[in-house]
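Comments concern the structure below.
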């Protein structure tokens, strides 16, 4: 579980986050949504420890990140997996090398043990026969799968995904969404996804946090998002005609 | 103010890159890879340039020997002194600032732009140690390149002098050996070690802390070349004052 209390983040004179508080539960896919510039990425980077909050507290299963020593922070980071928007795979390493990287850095496992673990997670993300290919030789969807495999290879407690569906076709996007949801439930981890993709919101959003201008505008489940009267949320989520109709159908069905 | 911030940032980077060292098992491979790219990958251009610069120094010295009272062996002497004292350590370093420095800045900068450095940091890896430290160790073999440059440069001078008909081989060799002060080679290699450190760290600083996208990677490479050259030139003056004056 990740608890965020009154989080502020400023860059020079620009206040990006203005007191965000929320709780991300274990075993659930938690989604952060909001318009471009609403502070989603900064919020995620604060959770990851890449940005130091100007004010506020972030607790990982009761451990306050800001009060940990450098070593404790690094150890905690080893319990985090991150899927970056552009996958952020290491160009010079093969698929196998990328997934094996955290194991080589932080474990004392033998080469064969690491290979077994890598093959296991690559199978888990449905990637076979790609071990010796370089990131530039595989498709965007496959790169995302490799990034997910790398993120989960150390059995993390927390999984963060920054726009995991960006640049993917709708079908592959759904596959990636479902994969993240399955992994979250299977390994009972706390997953936080930063997304613009409304399909993801409807499919896997067990908890949704809506940010607007650096503030928490709304939070709830994917079912509650159909019923909310919050104008900012409805303007954002139901900006397309298709989703307006979906919402209408949902409400009629419930009535 | 920006210069002060950069100098402070550079000092902090140098301090931080020794923290939380990467496992030797991994570091060993990184160092070997960097030696291949930074040292062996630069040999060709250095050999090529050194040969022709040595040749030009030899010809120009010969063309300026208008008095019969000046011995011909001065051509060999001037070539040796120019190559050992300045051309090999200093000007090769400027060339390397362009070749190796740009490569370091653009490769690290691209990793920054594509969030690969963020990925390392999220995993709890000291990205500075992982990326920059192997480059520093690899560049400690830079004196090897400079030794080759000295040899090839003097050989180029001999080749141009002898085959251009400016001097006999015996006179050139006599000039190369005459009044030889071994400390000049020591001085040259001391400079080389310092320049090697600068060549590894200044471009790394510009790549590691760059902000923006692909365009900024190009700008960072240019800035890195300019600043590495400037610092090398100033350091050259300071070291020469300290060691030879």
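Values in this text are rule-based calculations from the coordinates and carry no lab data. The model shown is predicted, which means the values in this text are computed figures rather than measured ones. As a convention, Cβ positions derive from the backbone with ideal geometry for all residues, glycine included, and neighbour counts pool all protein chains shown.
Some points to look at:
- Length-normalised contact order for segment A:149-255 - Cα pairs under 8 Å, 6+ apart - percent: 19
- As a length-normalised measure over Cα pairs under 8 Å and 6 or more apart, the relative contact order of chain A settles at 27 percent.
- The calculated 222 nm mean residue ellipticity attributable to helices in chain B amounts to -24000 deg cm²/dmol, summing -39500 (n - 2.57) over DSSP H runs of n ≥ 4 and dividing by all residues.
- Ordering of A:94-102, A:213-221, A:61-69 by packing is A:94-102, A:213-221, A:61-69, highest average first (other Cβ atoms within 10 Å, averaged per residue).
- Helix B:2-16 vs. chain B, principal-axis angle (Cα, 0 to 90°, nearest 10): 80
- Note on residue B:169 and residue A:134: their simple-model spin labels are 4.6 nm apart, each label 7 Å out from Cα toward Cβ.
- Order of B:104, B:145 under a 10 Å beta carbon neighbour criterion, fewest first: B:145, B:104
- For chain A, a Gaussian network of Cα nodes joined below 10 Å ranks A:139, A:239, A:112 by mean-square fluctuation, and the top entry is A:112.
- Applying 1/(1 + (r/R0)^6) with R0 = 25 Å to the Cβ-Cβ distance of residue A:227 and residue A:25 gives a FRET efficiency near 0.75.
- Take the Cα of residue A:248, step 7 Å toward its Cβ, do the same at residue B:69, and the gap between the two points is 10.7 nm.
- Counting other Cβ atoms within 10 Å as a rough exposure proxy, the listed residues A:158, A:250, B:237 run B:237, A:250, A:158 from fewest neighbours to most.
- Shape class of segment A:193-243 from the Cα gyration tensor (axes a ≥ b ≥ c, square roots of the eigenvalues): rounded, since a/c falls below 1.5.
- Counting Cβ atoms of other protein chains within 10 Å of each residue's Cβ and taking the mean over peptide B:120-129 gives 6.
- Alpha carbon centroid spacing (whole Å) that separates segment B:9-85 from segment B:142-180: 16
- At R0 = 22 Å, FRET efficiency that the Cβ-Cβ distance of residue B:15 and residue A:69 yields, to 0.05: 0.80
- Across chain B, the relative contact order, built from alpha-carbon pairs under 8 Å that are at least six residues apart, equals 35 percent.
- The helix-based estimate of mean residue ellipticity at 222 nm for chain A, built from -39,500 (n - 2.57) per DSSP H run of four or more residues and divided by its residue count, is -12500 deg cm²/dmol to the nearest 500.
- Taking the average, over residues, of other Cβ atoms within 10 Å as the packing measure, peptides A:179-191, B:163-175, B:1-13, B:201-213 rank B:201-213, A:179-191, B:163-175, B:1-13 from highest down.
- Partner chain coverage, peptide B:111-117 - average Cβ within 10 angstrom: 5
- Cα centroid separation - segment A:21-40 against segment A:75-147, whole Å: 25
- Rounded to the nearest 10 degrees, the inclination of helix B:24-34 to the longest alpha-carbon principal axis of chain B is 50 degrees.
- Most to least packed among B:178-185, B:40-47, A:42-49 [average Cβ atoms within 10 Å]: A:42-49, B:40-47, B:178-185
- Estimated FRET transfer efficiency (residue B:183, residue A:91; beta-carbon r; R0 45 Å; 0.05): 0.50
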